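Derivation of every value follows stated rules applied to the coordinates shown; laboratory data play no part. The shown structure was predicted, so the numbers you read here are calculated from the model rather than taken from an experiment. Note that we place each Cβ from the backbone using ideal geometry, even for glycine, and neighbour counts take in every protein chain shown.
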Amino acid sequence: MAADKTNAEPTFEEALNELENIVRLMEGGNLDLEDALARFEKGISLSRICNKKLEQAEKRIEMLLCKESGEIILEPAGAMEQKDE
């Protein structure tokens with residue numbers, strides 16, 4: 001049975017793009033109250049999705065940087081790039 005794409009959670013990029021569109025519409029000030037509230041509610045949901053996906057990515061990075069002893073090495077992204085040079 002194929003996965004139903006209509007109920008699937010959007011990717012980070014999809015959620016962020018939709019959130020940006022909602023912000024643009026709301027900043028335009030041309031929405032009636034009910035539409036503005038509905039879009040605000042959708043925006044909060046999208047914001048939570050983006051936040052969850054960012055936290056998941058951060059956990060994956062921490063796991064990759066974990067030493068054998070279990071100690072996590074957290075370094076700014078720029079510091080990692082400088083070591084490679």
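Summary of computed values
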| quantity | calculated |
| --- | --- |
| Calculated FRET value between residue 23 and residue 65, using beta carbons and R₀ = 30 Å, to 0.05 | 0.35 |
| Inter-probe distance in nm under a simple model that places probes 7 Å from Cα toward Cβ, at residue 55 and residue 12 | 1.5 |
| Table column - 3J(HN,Hα) (Hz), region 57-63, Karplus curve with 6.51, -1.76, 1.60, x for Gly and Pro | 5, 4, 5, 5, 5, 4, 5 |
| Whole-Hz couplings from phi, Karplus 6.51/-1.76/1.60, listed for region 23-39; x for Gly and Pro | 4, 4, 4, 5, 5, x, x, 9, 9, 6, 4, 5, 5, 4, 5, 5, 5 |
